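Undergrad: Right, I'll just put the structure down here and ask away after.
The values are calculated or read from the model by the stated rules, or taken from the named source; none is laboratory data. Worth saying up front: this structure is predicted, and the values here are computed from it rather than measured. Note: ideal-geometry Cβ built from the backbone for every residue, glycine included; neighbour counts use all protein chains shown.
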Amino acid sequence: MREDASSFVPKDRILPVLRDAVQHCRGCDLYRNATQAVFGELETGAESTKPSVAIMMIGEQPGDQEDKQGRPFVGPAGKLLDRCLQEANIDRSKVYVTNTVKHFRWEPRGKLRIHKKPSMKEIHACRPWLDAELETVRPKLIVCLGAVAAQSLLGSKFKITQSHGKVQRAEGVPPIIATLHPSAILRARTDEDRERDIKIFLEDLRQATEFLKK
Ligand code: URA
Ligand code: SF4
């Protein structure tokens, strides 16, 4: 048997079915230390078997809050994402938000659970879930938030710093625009850095809306 999620992914391309099934995934070891799997969702929380989705936003993996609440981008990074989507006039009901890896990888630091970047093996193992989401949601455009999502779809040589905001093509997936990860923006060392990053992020989101108008 291959060491990935494929044997756990149901054939049905229906979001609620996939979302239930991901809780039973043992495609890699990350389920062991996580509270639950966090599947993608429409930001409105709307359930629909055939959603009409313009953008699929792909982050890295659930964080501490997401792991506890079972929903993507509900912690500090999610708050920033929400604000920026609003500012960019992106209709949130048309945005499906998910992660490259569905279980939280962390290491303890005192009482805190500190985010640990998923390994290539885990990213690869979790890919069948992302593929199932893409087949179900069929977005017109993918927006990759940060290097993990971007490199998993565009290859390990892809550099956000060089190519953010530009439409990328990869075989078998919708067009992709990569941009900064909201968590990276929150980690900026100075206020000036953070403001600059937010500007870049908003400009990349604007590129996304421009693309969708075509
Ligand atoms: N960071 C991510 O990449 N995804 C989340 O869901 C939350 C924080
Ligand atoms: Fe399955 Fe992905 Fe969770 Fe690993 S991280 S157990 S592949 S859902």
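Undergrad: Just to be sure, is THR179 over 28 Å from LYS11 (Cβ atoms) and surrounded by 19 or more Cβ atoms within 10 Å (Cβ to Cβ)? Quick ask: steps written out before the conclusion?
TA: On the way: over 28 Å from LYS11 (Cβ atoms): yes; surrounded by 19 or more Cβ atoms within 10 Å (Cβ to Cβ): yes.
Yes.
Undergrad: Right, something else. Name the residues in the stretch 1-11 that are at pLDDT below 95 and more than 23 Å from GLU107 (Cβ to Cβ), would you?
TA: First pass over the stretch 1-11, keeping only residues at pLDDT below 95: 1-3.
Matches in the stretch 1-11: MET1, ARG2.
Undergrad: Among the numbered criteria (1) more than 22 Å from GLY40 (Cα to Cα); (2) assigned to a helix (DSSP H, G or I), which single criterion is violated by TRP129?
TA: Status for TRP129: all satisfied but (1).
Undergrad: Does SER163 qualify as being of a type outside the set (Asp, Glu) and either in contact with a Phe, Trp or Tyr (Cβ under 6 Å, 6 or more places away or on another chain) or more than 13 Å from ligand 1 (Cβ to nearest atom) (or both)? Write out each step before concluding.
TA: On the way: of a type outside the set (Asp, Glu): yes; either in contact with a Phe, Trp or Tyr (Cβ under 6 Å, 6 or more places away or on another chain) or more than 13 Å from ligand 1 (Cβ to nearest atom) (or both): yes.
It is true that SER163 is of a type outside the set (Asp, Glu) and either in contact with a Phe, Trp or Tyr (Cβ under 6 Å, 6 or more places away or on another chain) or more than 13 Å from ligand 1 (Cβ to nearest atom) (or both).
Undergrad: Now, a different point. Would you kindly identify the helices (runs of 4 or more DSSP H) lying entirely within the stretch 6-124 that contain at least 1 residues that are surrounded by fewer than 14 Cβ atoms within 10 Å (Cβ to Cβ)? Give the derivation first.
TA: Working: elements: 15-22, 64-69, 76-87.
Where helices (runs of 4 or more DSSP H) fall fully within the stretch 6-124 and carry at least 1 residues being surrounded by fewer than 14 Cβ atoms within 10 Å (Cβ to Cβ), they are 15-22, 76-87.
Undergrad: Related question: Of (1) under 24 Å from ARG13 (Cα atoms); (2) modelled with pLDDT of 95 or more, GLU195 satisfies all except one. Which?
TA: So GLU195 meets the others, but not (1).
Undergrad: What is the residue count in the stretch 157-201 for residues that are hydrophobic (A, V, I, L, M, F, W, C), within 21 Å of HIS115 (Cα to Cα) and either part of a helix (DSSP H, G or I) or touching a residue at least 60 places away in the same chain (Cβ under 8 Å) (or both)? Before you say what the answer is, go through the steps one by one.
TA: Filtering the stretch 157-201 down to residues hydrophobic (A, V, I, L, M, F, W, C) leaves 158, 160, 167, 170, 173, 176-178, 180, 184-186, 188, 198, 200-201.
Those still in the list that are within 21 Å of HIS115 (Cα to Cα) too: 160, 180, 184-186, 188.
Next, from what is left, pick out any that are either part of a helix (DSSP H, G or I) or touching a residue at least 60 places away in the same chain (Cβ under 8 Å) (or both): 160, 184-186.
Qualifying residue count for the region: 4.
Undergrad: When the residues of the stretch 125-136 are narrowed to those that are farther than 21 Å from PRO175 by Cβ and more than 16 Å from ligand 1 (Cβ to nearest atom), which ends up surrounded by the most Cβ atoms within 10 Å (Cβ to Cβ)?
TA: ALA125
Undergrad: For the stretch 18-42, how many residues are modelled with pLDDT under 95 and within 12 Å of ligand 1 (Cβ to nearest atom)?
TA: So in the stretch 18-42, the residues modelled with pLDDT under 95 come out as 41-42.
Adding the requirement that they be within 12 Å of ligand 1 (Cβ to nearest atom) leaves 41.
Number satisfying all stated conditions: 1.
Undergrad: Out of the stretch 14-25, which residues are farther than 14 Å from GLU41 by Cα and more than 6 Å from ligand 2 (Cβ to nearest atom)? Walk me through it before giving the result.
TA: Quick first cut of the stretch 14-25, residues farther than 14 Å from GLU41 by Cα only: 21, 23-25.
Once the filter is applied, which keeps residues that are farther than 14 Å from GLU41 by Cα and more than 6 Å from ligand 2 (Cβ to nearest atom), the stretch 14-25 yields ALA21, GLN23, HIS24.
Undergrad: If you don't mind, another one. Could you tell me how many of the residues in the stretch 83-100 are more than 9 Å from ligand 1 (Cβ to nearest atom) and in contact (Cβ under 8 Å) with a residue 12 or more places away in the chain? If you could, list the steps in order and put the result at the bottom.
TA: Restricting attention to the stretch 83-100, the residues satisfying the condition of being more than 9 Å from ligand 1 (Cβ to nearest atom) are 83-96.
This time we only want the ones that are in contact (Cβ under 8 Å) with a residue 12 or more places away in the chain, so: 84-85, 87-96.
The qualifying residues number 12.
Undergrad: Out of (1) polar (S, T, N, Q); (2) touching a helix residue (DSSP H, G or I) at 6+ places or on another chain (Cβ under 9 Å); (3) without any contact (Cβ under 8 Å) to a residue 24 or more places away in the chain, what's the single condition that is false for SER152?
TA: Failing condition for SER152: (3).
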